[in-house]
Amino acid sequence: MANKISYKRRKAITTSTSSETSVPASAKVIASNVDLLSEILLRLPPKSLIRFKSVSRNWLHLISDSHFASNHSRRNRNLSISGLFYHHSWPTNEQPNSVSLVGQSSLPTLAFIESPATIRIKSSCNGLLLCEIYRDVSQRKRVCYIVCNPTTQKFTPLLDHGGNPSPACLAFDPSQSPHYKVVLLHYIPSPQFAIYSSESKSWKRITVDALPVTYLNGVFWNGAIHWLTDNYLVRFDVGSDEQIQIPNPIAPKILSLAKTRYFGECDGHLLLIQMRLRSAMGFRILQMESDSFCWIVKCRVNLRPLISVFPDIDDTSKDYKFHVLCVVKEVNENEFGLVLATAGKIICYNLNCKALKVLRDDFSEVDFYGLYFKKYPYNCTYQFVESLSPV
């Protein structure tokens, strides 16, 4: 009996090995047909494609091709946010901190940008990051800009823009073009937009009567970069290089910049969150109409139920109880979530089902500029979206 059992095991092992070494005819057909293989690979997420580069030289060549990468980004335009980057206090030589929104242990770092100088993220847009680096040039500090893709670990230094450190914003829509633009605001000696095009690999300047004065980051949405000021929404169309000012409406009331808690883009919508009081637990989320450029009330939010889960929120101080880091699209259609920093944690709170998920439980207020975190209503975070887009 023992011999029979032993024989059957050896036979099973032999059969299994034979089937593993044989390659189905269908697989050979796919491997030999570049168009068919490309069509299959274009449907896969970027993270899988990065791993598949090691399958063979042919796959490495195909996936690394800039045309394939651009085509993948164009066809997968609705990729969700995988995480957020943010900085510690200034100045620092440390890498940006991060939090994953999809359960990953960590996000890619920017260590692939080999620079002894401090690297600061200035803007993020559809998978690409705009970073600035301060370097010593002729005994003077000069700022240099870099556009990078954390997913592919590739970066491109931009030509010297010939100006001082400036508010900067990245404009990139892979569904419309494989090229991106970088827009800087130069206030001195005269108000100018400095615009870099990855297509022409050059800068140009446009003189205007006035530039937006704001400490909020510019937001790329609907083909233009938007800056919110106390009295206007300034819109700069990156296609036509035209600037328009949209007066803030009487209703819904737009509060001052000091009351702004969030200004950003989510799932093709430009969103604004403002609060009158630091200790407020309820607020509106405003959404801008894409055709009329009018603000409408998207929804009203009440965060008081969070107090039962995080009692530390309900203190008697006049400091901010929470900070809105990002608005994200949830898995279910038409559902949104708020990524919040509160009570020593970073959480995601679903506005529809009122469910919450802890993303980081080791969050410290010093991660966001120390004491400014408690006193300052607006915090800069930068979206990480997996993408193969070339830089």
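The values are calculated or read from the model by the stated rules, or taken from the named source; none is laboratory data. Treat the numbers as computed from the prediction; the structure is a model and nothing was measured. With ideal geometry, Cβ positions are generated from the backbone for all residues, glycine too; neighbour counts draw on all protein chains shown.
General observations
Okay, residues lined up against (1) surrounded by 15 or more Cβ atoms within 10 Å (Cβ to Cβ); (2) in contact with a helix residue (DSSP H, G or I) (Cβ under 9 Å, 6 or more places away or on another chain); (3) hydroxyl-bearing (Ser, Thr, Tyr):
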site	(1), (2), (3)
Leu270	yes, no, no
Ile273	yes, no, no
Arg276	no, yes, no
Gly282	no, yes, no
Leu286	yes, no, no
Ser290	no, no, yes
Lys298	yes, no, no
Val301	yes, no, no
Pro311	no, no, no
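- Hits in region 176-222 (condition: at pLDDT 95 or above, part of a loop (DSSP other than H, G, I, E, B) and of a type in the set (Ser, Thr, Tyr)): Ser198, Ser200
Residue by residue, here is whether (1) modelled with pLDDT under 65; (2) in a helix (DSSP H, G or I); (3) within 30 Å of Asp173 (Cβ to Cβ); (4) of a type in the set (A, V, I, L, M) holds:
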position	(1), (2), (3), (4)
Tyr7	yes, yes, no, no
Ile13	yes, yes, no, yes
Ser48	no, yes, yes, no
Ser73	no, yes, yes, no
Leu79	no, no, yes, yes
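- Conditions (1) closer than 30 Å to Ile225 by Cα; (2) assigned to a helix (DSSP H, G or I); number of the one not met by Leu338: (2)
- Of all residues in region 133-165, those being closer than 18 Å to Thr118 by Cα, hydroxyl-bearing (Ser, Thr, Tyr) and under 20 Å from the mean Cα position of the chain (by Cα) number 2.
- Which numbered condition Arg278 misses (of (1) touching a residue at least 12 places away in the same chain (Cβ under 8 Å); (2) in contact with a strand residue (DSSP E or B) (Cβ under 7 Å, 6 or more places away or on another chain)): (2)
- Exactly one residue among His186, His161 is touching a residue at least 40 places away in the same chain (Cβ under 8 Å) and either more than 23 Å from His269 (Cα to Cα) or of a type in the set (Ser, Thr, Tyr) (or both), and that residue is His161.
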